[in-house]
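Input: a single structure, listed below in structure tokens.
The numbers here are math on the coordinates, done by the rules we state, and not lab data. Everything numeric here is computed off the predicted structure, so don't read it as measured data. Here the Cβ positions follow ideal geometry from the backbone for every residue, glycine too, while neighbour counts run over all protein chains shown.
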């Protein structure tokens with residue numbers, strides 16, 4: 001569906017020297033959620049034409065990398081790789097340039113629209129899933145992720161998938177997105193990579209101590225899990241509800257004995 005691009009953000013991008021009106025989406029999302037900080041290394045997946053790369057470099061002033069199947073015109077201070085973001089060769093090249101893993105991975109990638117909404121939605125979710133899988137390989141433990149996805153029947157499934165990987169997840173529609181657009185942005189903070197528990201997992205545990213609030217605490221590979229309504233010595237089966245950087249919350253689903 002063709003839209004008149006000559007709106008406020010289109011002209012503002014021209015005036016400010018950004019390559020795309022979408023640059024303001026990233027600026028607005030980061031102002032609200034502060035997931036890119038000074039000194040962060042940032043990787044942009046599906047980065048052409050480079051509007052988000054320009055903003056990412058301004059926000060972080062750190063190492064900034066763009067990946068796309070298309071060639072990206074040079075941006076001062078930004079390194080780009082032309083290739084498939086899901087290929088191990090591409091991921092290895094990015095890590096080699098960074099000297100390790102990234103602090104933030106972002107993706108504003110969108111499929112070429114066919115006009116058949118169910119098909120376009122499914123392709124958008126598939127692209128977002130690919131970005132998520134790539135981000136898991138590129139990000140440091142505790143890293144942040146941002147991806148665009150179209151709303152539809154498959155959206156909630158994707159959102160739940162992201163929630164199992166990160167401790168804090170929000171959905172946002174920034175002002176720079178057109179009101180009629182079905183696009184939303186999933187903002188995910190604090191990658192749980194390297195931690196022994198993730199939301200939704202089930203464990204048999206024994207309460208070995210009590211927290212300040214009186215709730216039971218168990219250790220899983222040295223990681224504290226707080227379980228409300230348990231007492232010292234209780235043996236229970238719990239489902240992890242939420243995971244933070246240094247502890248998690250579990251809910252009792254079965255009491256043993």
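The table that follows gives values for the structure above.
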| item | result |
| --- | --- |
| Test: residue in segment 10-23 that is assigned to a helix (DSSP H, G or I) and within 21 Å of the chain's Cα centre (by Cα) | yes |
| In segment 52-67, the residues that are in contact (Cβ under 8 Å) with a residue 40 or more places away in the chain and touching a helix residue (DSSP H, G or I) at 6+ places or on another chain (Cβ under 6 Å) | 52 |
| Given (1) in contact with a helix residue (DSSP H, G or I) (Cβ under 8 Å, 6 or more places away or on another chain); (2) surrounded by 15 or more Cβ atoms within 10 Å (Cβ to Cβ), index of the condition residue 218 fails | (1) |
| From 212, 179, 206, residue being surrounded by fewer than 17 Cβ atoms within 10 Å (Cβ to Cβ), more than 20 Å from the chain's Cα centre (by Cα) and within 29 Å of residue 146 (Cβ to Cβ) | 179 |
